[in-house]
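These notes are about the structure you will find just below.
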């Protein structure tokens, strides 16, 4: 008999590996719904100062004992030989609560896709995918989960409030 | 006694003033939600920085989306960090051209501007983006100078309010007034020669219109020459918060700018003089 916790992990890993494929790259986090902000920051990457874009989103809640946090980053770096490489990292962190022990297990997987591009960002070569070895941590407290921060948001109601404008006292 | 012909002679130029006012409005109703300001995507408007791109798509810094300022939902302009951000604190400015407003002699030289616009700062203080930014609205010249400015900066100690500042010639001073996030306001800038009045109200016209400041720079000041060269109205997002830590946006709509023609102003002065002469007799 397969333990429920193992089935959850297996399903999570299967979905992660599917999502890591190049064909599904655009759907890893859906940005078309305008509910995820893309955060741009300058970072140091092996001595290069580059702009990295990050988007992340969570599904599920801690309260119901299952959270999946997805995070993807995007940057273009010099390859040191006059060309450029676009690096896209997709990471999935799945936290599952064992209702018997009241402890969490966290599975982290990631894939790094490197694609040669020219200075305009046009793809000039094939993509190399490098999946990282999945890590599984068990027996964690909720405070130890260390999930990626989410960049999703709830859109402001377009029906704006009517203010009361008063003179200063 | 004033004869009827004389009275009519005096009043005709006055009536003509209203008709001769040169005005321009931007209501964005010809645009659709999702339209971008970059690449001249919104007629009459320009965006000074490019939208960043990643993950195979563009992240808009300024775009059209629906808002309801009190008269029903309609397309309105948005600029800010709701969907993305610049890096290193670079401003994003949208400029609506006012060059179609001429003083009647084919030039952009005038001594009087009346502008008004709906505006709201959109921010969810409960989300994970705790940073807050500044915004401003300015009547600008081709050279980038600000003739008159209304500024909004985060209120210290209250995450749902922004301080209102106003000023001329690129400098602003706080007014003591604040605006609430996600609330619809209408602001007014009325300049004549060296004097500029700033006021605001609820966008739906309810309640009072409150004066913010009256600034008199004098007819011979640099302000007068700057006012004479206004060719645009600029809405700017100023990223005060660290890169990526804010998700706030300035929404604006129903911009109205009026410039009475100098010839009409002269006629008004002439008419007032004629009335005074008739009364003395």
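The values are calculated or read from the model by the stated rules, or taken from the named source; none is laboratory data. This is a predicted model, so every value here is computed, not measured. Because the Cβ atoms are built from the backbone with ideal geometry, glycine has one as well, and the counts that use them run over all protein chains shown.
Figures for the structure shown
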quantity: Test: residue in the stretch B:9-28 that is within 29 Å of residue A:152 (Cα to Cα) and either away from every other protein chain (no Cβ under 12 Å) or modelled with pLDDT under 95 (or both); calculated: yes
quantity: Criterion violated by residue A:59 - all others in (1) modelled with pLDDT of 85 or more; (2) surrounded by fewer than 21 Cβ atoms within 10 Å (Cβ to Cβ); (3) closer than 19 Å to residue A:113 by Cβ satisfied; calculated: (3)
quantity: Condition met for residue B:167 (surrounded by fewer than 19 Cβ atoms within 10 Å (Cβ to Cβ) and farther than 21 Å from residue B:249 by Cβ); calculated: no
quantity: Hits in the stretch A:136-169 (condition: under 22 Å from the mean Cα position of the chain (by Cα), over 23 Å from residue A:99 (Cβ atoms) and not in a loop (DSSP other than H, G, I, E, B)); calculated: A:152
quantity: Identity of the residue in the stretch A:77-109, in contact (Cβ under 8 Å) with a residue 60 or more places away in the chain and surrounded by fewer than 20 Cβ atoms within 10 Å (Cβ to Cβ), that ends up nearest to the chain's Cα centre (by Cα); calculated: A:105
quantity: Which numbered condition residue B:42 misses (of (1) touching a residue at least 12 places away in the same chain (Cβ under 8 Å); (2) in contact with a strand residue (DSSP E or B) (Cβ under 6 Å, 6 or more places away or on another chain)); calculated: (2)
quantity: Residues of the stretch A:86-121 that turn out to be within 12 Å of chain B (Cβ to nearest Cβ) and in a loop (DSSP other than H, G, I, E, B), as a count; calculated: 2
quantity: Residue ranges of strands (runs of 3 or more DSSP E) in the stretch B:169-247 with at least 3 members within 30 Å of residue A:38 (Cα to Cα) and more than 8 Å from chain A (Cβ to nearest Cβ); calculated: B:230-238
quantity: Flag if residue B:149 is closer than 16 Å to residue B:214 by Cβ and either assigned to a strand (DSSP E or B) or within 14 Å of chain A (Cβ to nearest Cβ) (or both); calculated: yes
quantity: Residue in the stretch A:54-64 that is part of a loop (DSSP other than H, G, I, E, B), out of contact with any helix residue (DSSP H, G or I) (no Cβ under 8 Å at 6 or more places or on another chain), facing another protein chain (nearest Cβ under 9 Å) and touching a residue at least 40 places away in the same chain (Cβ under 8 Å) present; calculated: no
quantity: Hits in the stretch A:147-169 - residues which are within 17 Å of residue A:73 (Cβ to Cβ) and more than 7 Å from chain B (Cβ to nearest Cβ); calculated: A:147, A:148, A:151, A:152
quantity: Qualifying residue in the stretch B:254-273 (condition: at pLDDT 90 or above, part of a strand (DSSP E or B), more than 15 Å from residue B:112 (Cβ to Cβ) and within 14 Å of chain A (Cβ to nearest Cβ)); calculated: yes
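For (1) closer than 30 Å to residue B:222 by Cα; (2) part of a strand (DSSP E or B); (3) within 14 Å of chain A (Cβ to nearest Cβ), each residue gets a yes or a no:
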site: B:114; (1), (2), (3): yes, yes, no
site: B:118; (1), (2), (3): yes, yes, yes
site: B:121; (1), (2), (3): no, yes, yes
site: B:127; (1), (2), (3): no, no, yes
site: B:136; (1), (2), (3): yes, yes, no
site: B:140; (1), (2), (3): yes, yes, no
site: B:143; (1), (2), (3): yes, no, no
site: B:153; (1), (2), (3): yes, yes, no
